[in-house]
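Structure first, then comments.
The values are calculated or read from the model by the stated rules, or taken from the named source; none is laboratory data. What you see is a predicted model; the values in this text were computed from it and never measured. Here the Cβ positions follow ideal geometry from the backbone for every residue, glycine too, while neighbour counts run over all protein chains shown.
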Amino acid sequence: MSANQQPILEGRGLSKRFGGHQALNKVDFQLFPGEVLALAGDNGAGKSTLIKCISGAHLPSEGTVFLEGKPIHITSAQEARTHGIETIYQDLALAENLDVGANVFLGREPMTKMFGFLPMLDRKLMRSASAEVLDTLEIHTRLDKPVRELSGGQKQAVAIGRAIYWKARVLIMDEPTAALGVPEQRKVVELIHRLKSQGVSIIFISHNLIDIFAVADRIMVLRRGELAGERNAKDTNGDEIVKLMVGG
Amino acid sequence: MNQTVKPASSGSSIIKTVGAIWSWLFLAFLIVVFEIWARLSFGQTFLFNLNSVQSILMATVQPLLLALGLTFVIIAGGIDLSVGFTVGLASVTAAQVMQSLNSSLPSGIGLALGIIAAILIAMIAGLVNGLLIARLNIPPFIGTLGMYGINRGVAFILAKGTTVPVDNPVNSALGNGSVLGIIPIPVLITLIIVVIMHYVLSQTKFGQYTYAIGGNKQAAQRAGINVERHTIGLYVLTAALAAVAGIIYTGRFTAGAAQAGEPTLLNAIAAVVIGGASLFGGEGKVVGTVIGALIIAVIEFGLVYINVSPFYQFIAVGAVIILSVLVDQSRRSVVGS
């Protein structure tokens, strides 16, 4: 990443207190276009709090988030979404009883007209559009089945597909590989590479150093709510990251 | 697009197909059994006379109207135990309004005002259900059980502990008239509501969000769906449909009664379950519920028709509920594998 490039997303002095507990303390970060930024840290280090402050789930107690240099004030997930910031939570937030198209378009369904006057859901459009978006991720699956019947990696792809269909420029992924078996983890790593090559900027939260080194350009380590260090992935190694995490 | 189709063994695909249409098959099977039984034991047809068909359909009206609302509520992962007495509340309200206006206004207008009052009071009861569940986070089972008691009490108080006779010819025509002497008006009303509810559930955002909330409430919330408002809407809708059942009751028996819907609640829930809805939410269809309600009506009418003691109806309907859940479970375990 060149130093003179403008970050797509930036946080300055982000703090979050819960009562007397300082969950996040004056954290700065930058995310550059087309970059994968890994967020590492032990449990309770503030990773989740940080992304919640970006994704609209929390309002930071102090500090400002900038999108392409302009300060933004995000109070809800919907608002984050209108800025092109999509978050994929660990539990994926899919309605598993509905099919792929219904999930990609959940809450934003396209409508058409029955007999020329009666509004109805445009399921055909939902299906073809989600087929296209899964094609760009090179995921092939039956689209007419409930999501429940897909594999863990395919579900992850549906959640990612939903985000990129809605033109996410910043994708925040919370432990995307945690609940998956090894082959499926590899699939998700591949997916992240593909997204990156399509110009999406990604914040990737993980406990898993192997996955972090497989996808990240830069690694930010948090410890007890503070920034413990920041390294380019190619200039560091697992030992150094672990040291930063535990404070050795 | 590449579609990867899992090869299904022929055995499991048969179970899948049968599982998907078993309620239709079961309904057909019941009709055939009763037809054969009626012919063998007293040389009469069961189904092929207008009176039987009308009786079965009339018996379907009340449980089906309750079951249609319950289909939505159950798909969204809720339950409404109060609907039985919402019927009574609406029935008594309609009767009281019509009676008090009887001398001063034409019958048609009296009926119209009675209908409006009945639907409004029922919607208030539904709104309370919705607020208790969506806003105060009371489990649906408990919240609507409380409203079961409250609706019941209010209905009996409004009726002064007795039935409220209605002297209104238009009201009586609504409950007892028929189109061309063939289709009873209550059946026609129910049919129209079935078509509308099928459309709403299968083709609109309201229907889609009902499934989404039942499948994963948090996902629905994160997708920007107003889960609270939607949930309240579901209970108001269910109550309004129960009110229609109450209005039809008042027309049919030319009287309002607090206990008008009391025995129907369990049959209505049974119809939804037999129709393939999951009490865990996320699954169900209007057409399934219609078949479920018809199955119950055919069993009840058929057993009377062939002279079986009415107490066996309870046993038969109970057995069918258990059977339908077993069929559903085995279908799911095949699909899931």
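Table: residues versus (1) surrounded by fewer than 22 Cβ atoms within 10 Å (Cβ to Cβ); (2) touching a Gly at 6+ places or on another chain (Cβ under 6 Å); (3) among the acidic types (Asp, Glu); (4) part of a loop (DSSP other than H, G, I, E, B).
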| residue | (1), (2), (3), (4) |
| --- | --- |
| A:PRO60 | no, no, no, yes |
| A:THR87 | no, no, no, no |
| A:ALA93 | yes, no, no, yes |
| A:ALA131 | yes, no, no, no |
| A:ASP135 | yes, no, yes, no |
| A:ILE160 | no, no, no, no |
| A:ILE172 | no, no, no, no |
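Please verify whether A:LEU180 is of a type in the set (A, V, I, L, M) and in contact with a helix residue (DSSP H, G or I) (Cβ under 7 Å, 6 or more places away or on another chain), treating the condition exactly as stated.
Judged against the criteria, A:LEU180 is a match.
Could you figure out which of (1) away from every other protein chain (no Cβ under 14 Å); (2) closer than 25 Å to A:ASP144 by Cα isn't true of B:GLN259?
Here B:GLN259 meets the rest and fails (2).
For B:LEU131, state whether it is surrounded by fewer than 21 Cβ atoms within 10 Å (Cβ to Cβ), touching a helix residue (DSSP H, G or I) at 6+ places or on another chain (Cβ under 7 Å) and at pLDDT 95 or above.
When the stated conditions are applied, B:LEU131 passes them.
So, in segment B:171-193, exactly how many residues are surrounded by fewer than 18 Cβ atoms within 10 Å (Cβ to Cβ) and under 23 Å from B:LEU101 (Cα atoms)?
Counting residues in segment B:171-193 that are surrounded by fewer than 18 Cβ atoms within 10 Å (Cβ to Cβ) and under 23 Å from B:LEU101 (Cα atoms) gives 3.
Does B:SER23 satisfy the condition of being surrounded by fewer than 18 Cβ atoms within 10 Å (Cβ to Cβ) and in a helix (DSSP H, G or I)? I'd like the intermediate steps shown before the answer.
Values: surrounded by fewer than 18 Cβ atoms within 10 Å (Cβ to Cβ): no; in a helix (DSSP H, G or I): yes.
Taking the combined requirement at face value, the residue does not satisfy it.
For segment A:174-184, which residues satisfy the criterion of being buried (at least 21 other Cβ atoms within 10 Å of the Cβ) and modelled with pLDDT of 80 or more?
Hits for segment A:174-184 are A:ASP174, A:PRO176.
If you go through segment B:216-227 one residue at a time, do you hit one that is polar (S, T, N, Q) and closer than 27 Å to B:VAL298 by Cβ?
Within segment B:216-227, not a single residue is polar (S, T, N, Q) and closer than 27 Å to B:VAL298 by Cβ.
Among the candidates A:VAL158, A:VAL147, which residue alone is modelled with pLDDT of 90 or more and within 18 Å of B:GLN218 (Cβ to Cβ)?
Criteria check complete, one pass: A:VAL147.
Pull out all pairs, ordered by first then second residue, where Cβ-Cβ is under 6 Å, the residues are six or more apart or on different chains, the first lies in segment B:312-330 and is over 12 Å from B:GLY292 (Cα atoms), and the second is at pLDDT 85 or above and assigned to a helix (DSSP H, G or I).
Taking only residues 6 or more apart or on different chains, the pairs are B:TYR312/B:LEU303; B:GLN313/B:GLU300; B:GLN313/B:LEU303; B:ALA316/B:ILE299.
Just for helices (runs of 4 or more DSSP H) wholly inside segment B:213-290: which have at least 3 residues that are over 22 Å from B:GLY130 (Cβ atoms) and touching a helix residue (DSSP H, G or I) at 6+ places or on another chain (Cβ under 9 Å)? Outline the logic, then answer.
Details: elements: B:217-222, B:227-253, B:265-274.
Hits in segment B:213-290: B:227-253, B:265-274.
Just to verify a result, which residue in segment A:62-81, among those that are within 14 Å of chain B (Cβ to nearest Cβ) and surrounded by fewer than 22 Cβ atoms within 10 Å (Cβ to Cβ), is nearest to A:ALA214 (Cα to Cα)?
That would be A:ALA77.
Here is a list of conditions, (1) hydrophobic (A, V, I, L, M, F, W, C); (2) in contact (Cβ under 8 Å) with a residue 24 or more places away in the chain; (3) farther than 20 Å from A:LYS52 by Cβ; (4) surrounded by fewer than 22 Cβ atoms within 10 Å (Cβ to Cβ), and A:ALA216 meets all of them except one; can you say which number that is?
(4)
If you scan segment A:59-118, which residues turn out to be of a type in the set (Asp, Glu) and either without any contact (Cβ under 8 Å) to a residue 60 or more places away in the chain or in contact with an Asp or Glu (Cβ under 6 Å, 6 or more places away or on another chain) (or both)? Steps first, please.
We begin by selecting, within segment A:59-118, every residue of a type in the set (Asp, Glu); these are A:62, A:68, A:79, A:86, A:91, A:96, A:99, A:109.
Across segment A:59-118, the qualifying residues are A:GLU62, A:GLU79, A:ASP91, A:GLU96, A:ASP99, A:GLU109.
Does A:THR141 satisfy the criteria of being surrounded by 19 or more Cβ atoms within 10 Å (Cβ to Cβ), at pLDDT below 85, in a loop (DSSP other than H, G, I, E, B) and within 11 Å of chain B (Cβ to nearest Cβ)?
Criteria met by A:THR141.
From the list A:ALA131, A:ALA93, A:ALA157, A:ALA80, which one is closer than 25 Å to A:GLY11 by Cα, out of contact with any Cys (no Cβ under 7 Å at 6 or more places or on another chain) and small (Gly, Ala, Ser)?
Answer to the check: A:ALA80.
Looking at segment B:144-175 only, could you name the residues that are of a type in the set (Lys, Arg) and within 18 Å of B:GLY114 (Cα to Cα)?
Of everything in segment B:144-175, just one residue is of a type in the set (Lys, Arg) and within 18 Å of B:GLY114 (Cα to Cα), namely B:LYS160.
What number goes with the only condition from (1) surrounded by 22 or more Cβ atoms within 10 Å (Cβ to Cβ); (2) of a type in the set (Ser, Thr, Tyr); (3) within 15 Å of A:LEU94 (Cα to Cα) that A:SER151 does not pass?
Going through the list (1) surrounded by 22 or more Cβ atoms within 10 Å (Cβ to Cβ); (2) of a type in the set (Ser, Thr, Tyr); (3) within 15 Å of A:LEU94 (Cα to Cα), A:SER151 breaks only (1).
Looking only at segment B:179-203, how many residues end up being farther than 15 Å from B:ILE248 by Cα and more than 7 Å from chain A (Cβ to nearest Cβ)?
Residues in segment B:179-203 being farther than 15 Å from B:ILE248 by Cα and more than 7 Å from chain A (Cβ to nearest Cβ): 13 in total.
Suppose we keep only residues that are more than 9 Å from chain B (Cβ to nearest Cβ) and closer than 23 Å to A:THR82 by Cβ within segment A:106-129. Which one would you say is surrounded by the most Cβ atoms within 10 Å (Cβ to Cβ)?
A:MET126
From the set of residues in segment B:208-222 that are free of Cβ contacts under 8 Å to residues at least 40 places away in the same chain and more than 7 Å from chain A (Cβ to nearest Cβ), which is surrounded by the fewest Cβ atoms within 10 Å (Cβ to Cβ)?
B:GLN221
Take the conditions within 11 Å of chain B (Cβ to nearest Cβ) and of a type in the set (A, V, I, L, M, F, W, C) and apply them to A:ILE160. Does it pass?
Against the criterion (within 11 Å of chain B (Cβ to nearest Cβ) and of a type in the set (A, V, I, L, M, F, W, C)), A:ILE160 does not qualify.
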